[in-house]
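Student: The structure follows.
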Amino acid sequence: MDSSGATHVVNYYRKFYKILIHYLKDSISIAEKDTLTVMAYSCPSTNGGVVYQARGLYGVVFNTVTIFSDDVCNPGGEGRPGKHGNNNNAGNPYVPAIETALSQSQIYSLLPNPNNGDMFLMQKVRDENAVSAVVINAEGQSVYKKQMWFSGNISPINLQYLSPGLYLMVLRDAGGSSYTIKFIVN
């Protein structure tokens, strides 16, 4: 094991792919769902990019749209998942901070994530107004711009022409609020 925690991140990837394979075979266990929850709420700066993949699968497995706050992510120490939010349980290395949004607050989720460029954008609160979407690649170039409307809180997106990599989707609603979603095309 090296001092940077690379072994820990590799182990996280192994756990995730084992869970993914069981999910794809319709044999995911309750214990694996619990592990997936811990992974989804863990700190990406400590546990690596697999956390974002776990979050995407978490949304699919539990059929939910969740905001994961990385703004309060503090590394939990060598080989441990990060802590989120106010950790009042000092003996527990992981306490998720679940953001509670007001019932009228908008939340967007992109599923699946990672994906092959064929995905869906979901919104929590139905909004009949157009949403401006811009996708930016790792070099900071805009590779997609579109005004989007939602049908039943879902809008399909086809970006199968994109090269594999990490992308940001920046959304701006009619009220001027901005939202950013990280996603991976593989």
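Student: In whole Å, what are the extents of region 108-185 along the principal axes defined by its C-alpha atoms, from largest to smallest?
Tutor: Each principal axis gives a Cα extent; for region 108-185 these are 32, 21, 16 Å.
Student: Same structure again: Near I28, within a Cβ-to-Cβ distance under 15 Å, what is the net charge of the other residues, with Lys and Arg +1 and Asp and Glu -1? Intermediate values should be presented prior to the final figure.
Tutor: Values: positive: K15, K18, K25, K33; negative: D26, E32, D34.
Combined, the nearby Lys, Arg, Asp and Glu give +1.
Student: Sticking with this one: Work out from phi, with θ = phi - 60° and the Karplus expression 6.51 cos²θ - 1.76 cosθ + 1.60, the ³J(HN,Hα) of each residue of region 26-41, listed in order in whole Hz, and give x for Gly and Pro.
Tutor: Residue by residue, region 26-41 yields 6, 10, 6, 8, 5, 4, 5, 5, 5, 4, 4, 4, 4, 5, 5, 8 Hz.
Student: Please compute the net charge surrounding N137, taking Lys and Arg as +1 and Asp and Glu as -1 over other residues with Cβ under 15 Å from its Cβ. If you can, show how the numbers build up before the last one.
Tutor: On the way: positive: K145, K182; negative: E139.
So the surrounding residues net to +1.
Student: Computed FRET efficiency, Cβ-Cβ of I21 and E139, R0 30 Å: what is it to the nearest 0.05? Display every interim value, and only then the final one.
Tutor: Details: r = 33 Å, r/R0 = 1.09.
Rounded to the nearest 0.05, the efficiency is 0.35.
Student: If you don't mind, there's one more thing I want to ask. Could you pull out every one of the lysines with an alpha carbon less than 29 Å from that of K145, ignoring same-chain neighbours closer than 8 positions?
Tutor: K124, K182
Student: Additional query: Between V9 and K182, take the C-beta separation as r, use R0 = 22 Å, and let me know the FRET efficiency to the nearest 0.05. Intermediate values should be presented prior to the final figure.
Tutor: Details: r = 17 Å, r/R0 = 0.78.
That pair, V9 with K182, gives E of 0.80.
Student: Around L171, under 15 Å between beta carbons, what's the net of Lys plus Arg minus Asp minus Glu among the other residues?
Tutor: Values: positive: K124, K145, K146, R172, K182; negative: D127, D173.
Its environment carries a net charge of +3.
Student: May I ask you to evaluate 6.51 cos²θ - 1.76 cosθ + 1.60, the Karplus curve with θ = phi - 60°, for each residue of region 156-162 and list the ³J(HN,Hα) values in order in whole Hz, giving x for glycine and proline?
Tutor: x, 9, 10, 10, 5, 7, 6
FYI, it's all coordinate maths here, none of it is from the lab. In this text, all values refer to a predicted model and were calculated from it rather than measured experimentally. When we count neighbours, we look across all protein chains shown, and the Cβ atoms used for this are built from the backbone with ideal geometry, even at glycine.
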